[in-house]
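As structure tokens, the structure follows; a few thoughts come after it.
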Amino acid sequence: MKICIVGCGAIGSLFAAHLARLEDVEVWAYDPNQAHVDAINANGLRLTGMSDLVGPVKARSNAAEIPPCDFGIVAAKTLHTRSAIEATAHIFANGAVASVQNGVGNEEILAEYVGRVILGTTFPAGHMTAPGVVNQDTGGKTWIGPFAGKPATMAEVERLSEAINRSGMICVPMEDARGALWTKLIFNSASNAVGALTRLPHGIACEQAWPLMQALAKEGMAVADRLGVVLDGDPVALLEYGRKVAYRHKPSMLQDVLARRLTEVDALNGGIARIGREIGVPTPLNEALAETIKGLEHSWTLED
């Protein structure tokens, strides 16, 4: 089996390094970060923190050098989804492509370019500490299932899930993974946005802004309910659980803000607000935080 990880940043690296340890899986990775690619090819892809391993990943910054693959796992930032799949779609002419990205809207973009799509979400988190090295900060499950707009077969979903489970990660194959995706989306809309604006790690942000985080989550839950999505868990309880197990973890949006990078807010709070408007569910807090974070991003373009 050949698997290509599209976007081998922190999350993509967790999948790539684990899967590359399997003797029957050949793992390729596409990432535009040349220093990261060079380090992976020279020394393997190293995970530290909750995992301590090195995976023999074949990394490329030129997608034309990657052979056809049975599966793709897209882990690029949501604002790079289109450019990432435009560069790599030819690799999956006969394969199925899964998204394990944050937010909503990614699968719809993938479906414009490939024939069979797998909807997914994942809870493990990490951060890059050096080219070729990623620290795994937290563990958790991954959920995947056929994307209704252009579905992969359930057999393909189960085959990919089986490989991920054998690699040492936890993956749950589902006929309908929307509940898991929306549970993570709502969790992120509170944790990421509040962390990005306060610049506080998850647990400390919970202590300082708990009523706001709860209110953001409840707006997202109202949208999911109107859509008929049955959540896989209670997002508020997950926020509280994260407070215990990820007290000093910096959410990905906070990492982006600290580095003055564009964030994924359009697919998180912005995505909830957009869908809320479309179906008539008010989401004033998610809309306000999305606009505030977009304003923060714009401030970086101004002269000091």
Task: Backbone N under 18 Å from the R82 label point (7 Å along Cα→Cβ), restricted to the range 90-128 - done: 90, 102-114
Task: Residue-count net charge about G44 - beta-carbon cut-off 11 Å; Lys, Arg +1, Asp, Glu -1 - done: +3
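What is the sum of charges around I144, taking Lys and Arg as +1, Asp and Glu as -1, for the other residues whose C-beta is under 12 Å from the C-beta of I144? Spell out each step's value before the answer.
Details: positive: K141, R159, R178; negative: E107, E156, E158, E162, E175, D176.
Taking every other residue near I144 into account, the sum is -3.
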TODO: For T129, list long-range residues whose amide hydrogen, built 1.01 Å from N in the peptide plane, is under 5 Å from its own amide hydrogen.
DONE: V134, N135
Task: In the chain, lysine pairs closer than 23 Å at Cα, eight or more apart or cross-chain - done: 23
- [ ] With Cα extents along the principal axes in Å in mind, check [x] 83, 45, 29; [y] 48, 42, 37; [z] 49, 49, 36 and report the label derived from this structure.
- [x] [y]
Open item on the list: Taking a virtual spin label 7 Å from the Cα of V245 along the C-beta vector, which residues in the range 205-237 bring their backbone nitrogen under 15 Å of it?
Closed with: 233-237
TODO: Kindly provide the Kirkwood hydrodynamic radius of the range 158-268 in Å, to one decimal, from all pairs of distinct alpha carbon atoms.
DONE: 14.9 Å
Task: Computed P(r) (all Cα pairs; the range 1-152; 5 Å bins; percent) - done: 2, 11, 22, 25, 22, 14, 5, 1, 0
- [ ] Could you calculate the contour length gain from M50 to R21, that is, 0.36 nm times the residue separation minus the distance between their Cα atoms, to one decimal place in nm?
- [x] 8.8 nm
- [ ] Would you mind counting up the charge near E219? Only other residues with Cβ under 14 Å from its Cβ, with Lys and Arg at +1 and Asp and Glu at -1.
- [x] +2
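Values quoted throughout were computed directly from the atomic coordinates according to the rules given, and no laboratory measurement underlies them. As the structure is a prediction and not an experimental result, all values here were calculated from the model. Cβ coordinates were reconstructed from backbone atoms using ideal geometry, including for glycine residues, and neighbour counts include every protein chain displayed.
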